[in-house]
Amino acid sequence: MNTQADARILAISISEKKGQKKHNIPQAELITDFGMKGDAHAGKWHRQISLLNISSIDTMRQKGADVKPGDFAENITVTGLVVYELPIGSKLRLGSDVLLEVTQIGKECHSGCEIFKQIGSCIMPTQGIFARVLKGGLIHVNDTITIED
């Protein structure tokens with residue numbers, strides 16, 4: 001696993017309605033036990049925030065997919081940390097305020113996934129992770145990410 005020293009937020013993505021493609025924003029407010037303010041997938045459940053590593057997106061690009069951060073419906077694209085190697089229950093500090101707890105590794109893709117149709121594979125089932133917000137606050141692109149004990 002990479003050292004935390006270089007782990008940071010590369011992109012923040014949001015969609016106001018379910019089924020709508022996420023778009024990138026420079027900062028977001030995360031709400032305790034809810035998720036990202038204004039995001040359609042926020043709520044009182046275990047998948048409040050989704051995270052994906054940029055290297056996973058790069059893998060799909062190498063297979064021919066024209067994809068960028070947010071295209072896998074992840075809220076936060078990270079660099080410098082292999083998120084799918086984190087055990088369930090891991091706590092991540094984003095910037096100085098926000099604290100997340102990893103609740104799920106991977107998810108079943110819906111059958112109509114455009115990326116799967118294009119390439120024949122997708123990374124979210126094995127490499128995307130989900131977390132709930134233990135402590136809310138503002139996050140920004142380039143904020144550091146640290147693993148808390």
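Since every read-out is calculated from the coordinates, none of them should be taken as a lab result. Not measured: the values here are computed from a predicted model. Neighbour counts are summed over all protein chains in view; Cβ atoms, including those assigned to glycine, are modelled from backbone coordinates with ideal geometry.
For this structure, a couple of remarks:
- Among the residues of the range 24-75, the ones that are within 15 Å of residue 135 (Cα to Cα), of a type in the set (Gly, Ala, Ser) and either touching a Lys or Arg at 6+ places or on another chain (Cβ under 9 Å) or buried (at least 24 other Cβ atoms within 10 Å of the Cβ) (or both) come to 2 in all.
- Breaking point among (1) more than 14 Å from residue 131 (Cβ to Cβ); (2) in contact with a strand residue (DSSP E or B) (Cβ under 8 Å, 6 or more places away or on another chain); (3) not polar (S, T, N, Q), for residue 87: (1)
- Qualifying residue in the range 7-18 (condition: touching a helix residue (DSSP H, G or I) at 6+ places or on another chain (Cβ under 7 Å) and surrounded by fewer than 16 Cβ atoms within 10 Å (Cβ to Cβ)): no
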